[in-house]
Amino acid sequence: MMHPAVPAPSTALTRAVPEAALEPAPEAKPASAPAAKAPPKSPAQKALEKLGLHRPIDLALHLPLRYEDETRLTPLAGAREGEIVQFEGQVTHSEIFIRSRRQLLVTVDDGTGSCVLRFLNFYPSHQKTLSVGAQIRVRGELRGGFFGREMVHPSFRLAGGELPGALTPVYPTSAGLPQIYLRKAVLSGLERADLEETIPTPFLSNGPFAGGGPQGLFSLREALQFLHHPTPDVALATLENHSHPAWQRLKAEELLAQQLSQLQARRVRAAMRAPAFKGKAGRGAGGALQDQLLERLPFRLTAAQKRVGKDIEADLKKNVPMHRLLQGDVGAGKTVVAALAAARCIDAGWQCALMAPTEILAEQHFSKLISWLEPLGIKTARLTGSQKPKERREMLALIESGAAGLVIGTHAVIQAKVKFKNLALAIIDEQHRFGVAQRLALRSKMTHVSIQAPFGANLEEVTPLPNEFYPPEGGRFKPEFGFDESQEPHLLMMTATPIPRTLAMSYYADLDVSTLDELPPGRTPVVTKVVNDARRDEVVARIQAQIAEGRQIYWVCPLIEESESMDLANATQTHEDLSAALPGVGVGLLHSRMAAAEKKAVMALFTEGVMGVLVSTTVIEVGVDVPNASLMVIEHAERFGLSQLHQLRGRVGRGAAASACVLLYSTGDAPRLGEVARARLKAMVETNDGFEIARRDLEIRGPGEFLGARQSGAAMLRFADLAQDAPLLAWAREVAPLMLDQYPELAQRHIQRWLGGKAEFLKA
Ligand code: ADP
Ligand code: MG
C-alpha cells in the first residue's frame, strides 16, 4: 500500500443538542435474527433512505461536502476573529444572564487569553459541564462581541483525550438527520461495505493513471477512507475542486460504471431480433412507396435529410432493432424523415406507430401524414385520449386487423387495449417531452427486461406498454439473457433538443445518433429582441403593422391563471387586452385547460389564417407548423428555460418572410433580472443555432438538470464532471468494452456497486 493507514476518526465534539435527538447508527441485522416484526423506522432512518442511502455501499459513497479541522488546538492569544478556533481552557466564570432573553454566559481562559461562550438554548447538563473550574475543549467561530471576544453556541466537551488524527467530515444532509448520526452511519457503512477492487489492475496503468499518477494510485478502499477522513496535511483545495488523486479514482469508477451499463444495454439490444426490411428503398425501386412519397412532396429533401434517411434505411435492413435518435433543430424537417421511414416500413408489409407528446401535435402530424400517405393507399389510424368511444373502437379494429398501416397518436398508442397485428417500427416524436419514467416503461416493455423503479421515479403515472404491443407471437422472458428472442420493433426517437457531444458520449452511449444539421432552404433567421414589459405598447403597434402585411402572430404567456404566489400574466387577460387593442383582428386563445375539440378548432382557425393572433400558454411549444406566422412574442420570457424559449422561437421563421421574436421580460420588484435569466435571454439574442443553445443551456444548468435528473429524483453523475473530467471519460470509454469482454463478473459487480437499482434507469 502506498499510503499510510488513515487514522480512525475520534468522536467529534458534541454540539449542544439534546441527547434524545441522537440515535445510534443502524446496525446490520444478524442473518439469524427472526424475520418477525420489523421495528418501526426512526425519523433519522427515514431521512437516510430519503437521501438514497440504503446499502452500506451507498453510505460509503456519501462523501463529505467539506471538513472541519479538529486536529489542532490554537492558543487564544494567537487566534483571529472570524476564524473557526479550537482551544482548551478552564472555566473561570459562569452565569445565567437575562437580557431580552435568558442566556448562559461562560468565560474560559486558556492561559494566553480568554473568551466568552454564549448559549441561548441550554440544558442543566450543559451548565454542569461548564461549571467554574472545569477544563474544557471548545470549538467555534471567534467573534468580537458585546462582552469582548466570544463564541455563540460553540461545541464543547471535557478537555483532554487525544486530538483526532484526521479532518472531521461534514456531510450533505437533510432535516431530521443530525450530522453526528450521519457520521456514525457513514462510518459503519464504510466498515460493512464490500470495497474489494473491481477494476482489474492492468486497466489502472494507462490513460490518466499512467505511471501511478503524481501521488500514487489509490485503491477504492483507500480513496474512500481518505475522502471521509483526510489527514490534516492535505491541500484542502484539491479536495474541494475534486482534483485530489482519491477523487480521481472515485470519478473514474463512477464513469466506468456508467459506460459499462450503457455498453451492456447496447449489447443486450444487439442480441435481440427485429424484422429486417426486404426490398429496396427510395430512388429507382420502381413502385416503392418511398419513391411515390418523394415525388409527391412539394420540396426536395435537404442533403442532411437524405443522409439521415440512409442511416435509417441501413438500420431497418438489419435484423437487430434500431435504437436511433434523430436530432435536428426546430424546423429542420424531422417529420418528413419519419414519414419516409413509415412508408418504407409499410411497404415492407409491417405496421408503424408514431407517438407524439400532445394532442395538438398528434393532430398536426395526423393531418400532414394523411395528406402525404393516404393518396398512396396507406390507411392511417388515429388514437388520442379525447376520442369518442365509438371512433376509438373503430380505430382499434383497424389496428388489430392490420388494415391500418400507420397509427398516430398520443400516449393512447401505448395503452393496454391497443393490439397491433405486426408492428415493426415505433417512432417517438419530441422524445424529450416524455418523462424519464415513461421512456423507461417504454424501453422496459420493449426489451422485456424487468426493471426496478429508480429511486424517486414516479412509475405510478406511467401506463406501461402491453405485451401485445410488441412481438406478435407474445414475448418470452429469458432470465439467463435478460431479453426476449422473439422480434422487437425498430425504434426511432426524434428530438429538437440536441444533446451536446460530451453528453452523447456518456449518457447516450447506448444510442445511435443522426443529426439534421441543415435547415431547409429559404428560411430567414429569426431576429430576437429583448424588451422590457413597460414597452408593451410598442410591441402591440408592431403587431398591428405585421397584421397589415398579412402576417400572423403568436403571443405566449406562461400561466393561465393568476396564482397567489406569483404575479404571472394571465393568458385570458392578455387575450382580452389584445382583442381590445386590435379591433377587427381575429385573436384566438389556446390554453391547456381547454377541451381537446376546442383546442383543435382554435388551432384550425389559426392555421387557415382566419385568426391573426394566437394567444396561448406553452401548449404550442412543440412541433406546431404555421409558415405564415412571422412574429413570436413571449411574455415573462425570464421565467422560461432556454431550450423552451428556443423551441417556441422555432415556431416562426418557417416561411419566406423575415421573422422576429420578442422576449418581453419583467423584473418584478427587483431592480434588474437575475443572472441566470439574463444569461438565457442573452443566449437567445446571440444565437439561433440549437446546438449552441444546448451547449449554453448545459453550461447554465449543469448536466443533471439538463437531462431532467431533477424530475427523476436521481442524480446521474454525482462526482464526475463531464467538462472537467474528459480524460477520465476517455479512459472509461476505452476500458469498458475490454472489461465487459475479459472480466464479465467484475463488470457486473462494478455496475451493481455503483448504480444498484439505477442501472436500468440510466438506459431510459
Ligand atoms: P421539425 O424538425 O421541427 O419537426 P418539421 O418537420 O415540422 O420540422 O418541418 C418544418 C417545415 O419545413 C414543414 O413545413 C416542412 O414541410 C418543411 N420542410 C421539411 N423539409 C423540407 C425541405 N427539404 N425543403 C423545404 N421545406 C421542408
Ligand atoms: Mg416536429
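The values are calculated or read from the model by the stated rules, or taken from the named source; none is laboratory data. Small disclaimer: the values here were computed from a predicted structure and weren't measured. Because the Cβ atoms are built from the backbone with ideal geometry, glycine has one as well, and the counts that use them run over all protein chains shown. Heavy atoms of the whole protein, side chains included, go into the accessibility calculation; ligands, DNA and RNA do not. Shrake-Rupley method; radii C 1.70, N 1.55, O 1.52, S 1.80 Å.
With each label modelled as a point 7 angstrom along the Cα→C-beta vector, the A397-A237 pair spans 7.7 nm.
For the range 138-237, the carbon plus sulfur part of the accessible surface works out to 57%, probe radius 1.4 Å. Residues K529, K390, K50 ordered from highest to lowest accessible area at a 1.4 Å probe: K50, K390, K529. Descending by average beta-carbon neighbour count within 10 Å, the peptides 421-427, 539-545, 263-269 line up as 421-427, 263-269, 539-545, the highest first. Over all other residues within a Cβ to Cβ distance under 10 Å of G145, the charged ones net out to +1, with Lys and Arg as +1 and Asp and Glu as -1.
Go through K41/K251; K251/K682; K317/K421; K278/K334 and tell me which ones have a Cα-Cα distance over 29 Å in this structure. From K41/K251; K251/K682; K317/K421; K278/K334, over 29 Å: K41/K251; K251/K682. Checking the a/c ratio against 1.5 first, then a/b against b/c, what shape does the Cα gyration tensor give for the range 73-158? Oblate is the answer for the range 73-158, as a/c is 1.5 or above yet b/c matches or exceeds a/b.
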